[in-house]
Amino acid sequence: MSTEQETEVSKKPEKPKKVMLKNQIERYLRIPFFLLIPLVIFNGFIYIANVETGIFFTIGLIAYALIVTFIYVHNKPNIMSSLISFAFEQGQVQKELLKDLAIPYALIDLDGRILWANPLFYGIIGTDKPSKKSVTQLFPEITKELFPQKNNMTEFDMRYEDGYYRVELRRVVVNDILPEEVEVEKEDGLIAMYLFDETELRRYIQENKDQKLVAGLIYIDNYEEALEGVEDVRRPLLTALIDRKINKYMQNIDAIVKKLEKDKFLVVFQQKYLQQLQAAKFALLDEVRAINIGNEIAVTLSIGLGVNAPSYLQAYDAARMAIDLALGRGGDQAVLKDGEQIYYYGGKSQGVEKNTRVKARVKAHALREVLETKDQVIIMGHKMPDVDSLGAAIGIYRLAATMERRAHIVINDVTVSIRPVMNNFIGNNLYPEDLFIDSEQAKNLVDQNTALIVVDVNRASYTECEELLNMTKSIVVIDHHRAMSDSIQNAILSYIEPYASSACEMVAEILQYIIDKPKLRPIEADAMYSGILVDTDTFVTKTGVRTFEAASFLKRSGADVTRVRKMFRTEMEVYKQKAAGVENAEIFLDDYAIGILPSEGVDSPTVLAAQIANELLDIDGVKASFMLTQIKDTIYISARSIDEVNVQVIMERMGGGGHATVAGAQLHDCTLEEGKLQLQDVLEKMTVEGDI
């Protein structure tokens, strides 16, 4: 029946079901009388054919009518009485069954008023008679919006006092078949309410969850470096203090601690203690960092935890993935892997530079082996490339050319920041015309015999052409930004070093190990030197010993400081825009400078925003600076700090990342003002929570 027909039928006054049933029985008992009509007609035809036969048939009809009348008059009262008795008995049985139903059950009207309920339901609400309050008042979690519509059912979970219930609300069409106690004022239906007590079930589920195994790995980030600055007689004491801190902290949560190596620990504990660790934000990190017995370098830990894994082995594998991620992000933090979800804790301190370059040498040899098996190299940086991205790509190009491999650099947008460097290569007879290609050209060139090298970025969505990552299996990642949960997963070689100042520094080290006598051309050395210069803000930010060693190598290779400085001189109009950006910035919470840079009339808004953010750090009292600008539908945030604030953890809250002192984020579907408000909300929340 269609909806329109249902509407028409519903408009007609419906007869009570008892009346309809009575009429049906009446029609059934009168069927023999209805049969007399065709028999009388048939008797008429018999008279036409034979009168005597017709007379005999008429006598038979009269006898039939008398017998039928007698049966009707005699049996009708008995049949109706039996039906009424059966209906009454059935109604009483149903009524008793409803009262004795093992599930709390109630009938409520559309306003939530309880019309009738069984004893179990009354026991829950603490009364033995219908309450004047509606269910929305008795159960605060139930609202009228949860009431089902016509012929529908809603189901939801609810907590009431100390119990947990699964609630089912069913719409009931009402006629005149309800118990006598139920008084219905509305004609459009009632709601049947069932309460399924799941308190015990939830308790068992929680107990099972609490007893699950959490596998953890604890690594000392800078074991060798910390011991180097301690007197020989105190080294065993420092090691013992670290071990004692870890063991004592883990004893508070009944954990099993096993020392695997001098700087590695395996821990196992029940999941019920995990919330305790999270609430304290893994205070073990701070406790170990506070150890000081004359060590010049603070000891830091990395913690990786695997949670909610189907098996113990998978929990351990998840812990290994988490510890790798923690180390890739610079250490001094805890990373919790819960299925596909990744949670970060700590990571507020500055990373300590590794003086040893063993890792760089190992990665360099591995990269050489990759390139030896390929005929072509595609080099790709991040979207809106900067000088560090381009300089690192130029360095990898020189490596590929030295090994006699064809190489191309993917660049889609030539920003004002890289144009002076690119001009040295475009039109230069020493370089092929297809040195720089766009994404479409790269997709036409790449095949399974191509090595794809990604520099200055480790997140797939931030690369110049994400599709290339699925078009070849030989992918190499070289980056100095902290690893994220959405990092490129299918790389055969990943060299992510958060301690490095820039990707150009990392590539400069690789070149020294992979080539016996690296021969960089002066303009190539200029490009790489420019990348280091820009990312360190002229050797002020995140500069270590290895940074100067890389710069020294580039200087020996022909980099000219004066030539580089001339390439990056600022036009008068741009300088005025930078000054206006500094002037319009506001101080938020006494410590943070936040500004908005309009992109109209600015050649490269993101680069200028980063420069303004650096300038704001020169203002006394500013611990961190943030500049927002908009390109098309995307809001770009440039975040900078000196040493007091880790802007990387702030930008991660907004979906970005970076370094402790240099970071950024991208926002979508919002305006500049809305983005500024989001940033201010994050700063306020992190300040209150103590995460800054």
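Here, each number is a calculation from the coordinates, and none is a lab measurement. Since this is a predicted model, take the numbers as computed values, not measurements. Methodologically, a virtual Cβ is constructed for each residue, glycine included, from the backbone with ideal geometry; neighbour enumeration extends over all protein chains shown.
Just a few scattered comments:
- Against the chain, whose longest principal axis is taken from its Cα atoms, helix 503-514 shows a tilt of about 60°.
- Entry for Rg/Rh (Cα atoms, Kirkwood Rh) (calculated from the structure that is shown) out of [x] 1.24; [y] 1.26; [z] 1.03: [y]
- Calculated over region 581-689: convex hull of Cα atoms, volume per residue (Å³): 89 Å³
- Computed about its Cα centre, the charge dipole of region 581-689 is approximately 300 debye, with only Lys, Arg, Asp and Glu carrying charge at their Cβ.
- Column: log10 I(q)/I(0), Debye, Cα scatterers of region 194-318, q = 0.14, 0.17, 0.18, 0.19 Å⁻¹: -0.66, -0.88, -0.95, -1.03
- Long-range amide H partners of Ile596 with built H, under 5 Å: Leu628
- Computed FRET value (nearest 0.05) for Asn208 with Asp681, which takes r as the C-beta separation and R₀ as 25 Å: 0.10
- Distance between the pseudo-spin-label points of Asp591 and Arg569 (7 Å out from Cα toward the beta carbon): 4.1 nm.
- Highest-first packing order for the peptide set 314-321, 434-441 is 314-321, 434-441, based on the mean count of other beta carbon atoms within 10 Å.
- Estimated vicinal HN-Hα couplings, Hz - region 34-51 in sequence order (Karplus 6.51, -1.76, 1.60; Gly, Pro = x): 5, 6, 5, 4, x, 5, 5, 4, 5, 5, x, 5, 5, 4, 5, 7, 7, 5
- Amide H contacts for Gln376 (H built 1.01 Å from N in the peptide plane; partners 5 or more residues away or on another chain; cut-off under 5 Å): Ala451.
- Label zone (Lys281, point 7 Å along Cα-to-C-beta; backbone nitrogen cut-off 13 Å) within region 646-665: 646, 649-650.
- Footprinting exposure proxy ranking of Arg329, Arg546, Arg556, fewest other C-beta atoms within 10 angstrom first, gives Arg556, Arg546, Arg329.
- Close amide H pairs (under 5 Å, H built 1.01 Å from N) link Ala117 with Leu107, residues at least 5 positions away or on another chain.
- Expected 222 nm ellipticity per residue - DSSP helices of 4 or more, -39500 (n - 2.57), all of the chain, to 500: -13500 deg cm²/dmol
- Radius 11 Å from Cβ of Ala483, net charge of other residues (Lys, Arg +1; Asp, Glu -1): -1
- Cα-projected label distance for Asp375 with Ser461, points at 7 Å along beta-carbon direction, nm: 3.7 nm
- Measuring nothing but how far apart in sequence close Cα pairs (under 8 Å, 6+ apart) lie, relative to its length, region 534-684 scores a relative contact order of 15 percent.
- Per-residue Karplus couplings for region 422-438, computed as 6.51 cos²θ - 1.76 cosθ + 1.60 with θ equal to phi - 60°, are listed in order as 5, 4, 6, 9, 6, x, 7, 5, 6, 10, x, 5, 9, 4, 9, 10, 9 Hz, Gly and Pro entered as x.
- In a reduced charge model with +1 at each Lys and Arg Cβ and -1 at each Asp and Glu Cβ, the chain shows a dipole moment near 1420 debye about its Cα centre.
- For the residue pairs Lys209/Lys281; Lys133/Lys209; Lys258/Lys685, alpha carbon separations beyond 28 Å are given by Lys133/Lys209; Lys258/Lys685.
- When Lys473, Lys363, Lys632 are sorted by how many other C-beta atoms sit within 10 angstrom of their C-beta, beginning with the fewest, the order is Lys632, Lys473, Lys363.
- Residue order, fewest to most surrounding Cβ atoms within 10 angstrom, among Leu667, Leu589: Leu589, Leu667
- Inter-label distance, nm, simple model (7 Å from Cα along the C-beta direction), Ala102/Val688: 4.8 nm
- Applying 1/(1 + (r/R0)^6) with r as the Cβ-Cβ distance of Val358 and Ile297 and R0 = 22 angstrom yields a FRET efficiency of 0.75.
- Oblate is the label for region 475-587, because the ratio a/c of its alpha-carbon gyration tensor axes (a ≥ b ≥ c) is 1.5 or higher and a/b is not greater than b/c.
- About its Cα centre, the dipole of region 227-346 is roughly 280 debye, where the only charges are +1 on Lys and Arg Cβ and -1 on Asp and Glu Cβ.
- Positive end of the dipole of the chain (Cβ unit charges, origin at the Cα centre): among Thr687, Thr53, Asn252, the Cα lying farthest that way belongs to Thr53.
- Coupling constants for region 277-287 follow from the phi torsions by the Karplus curve (6.51 cos²θ - 1.76 cosθ + 1.60, θ = phi - 60°), and in residue order they are 5, 5, 4, 7, 6, 6, 4, 4, 4, 6, 5 Hz; glycine and proline get x.
- Note on Lys262: aspartates and glutamates with a C-alpha under 16 Å away, same-chain residues under 8 apart excluded, are Asp221, Glu224, Glu225, Glu228, Asp243.
- Calculated diffusion of region 358-567, Stokes-Einstein form, Kirkwood radius summed over Cα pairs, 20 °C and 1.002 mPa s, µm²/s: 128 µm²/s
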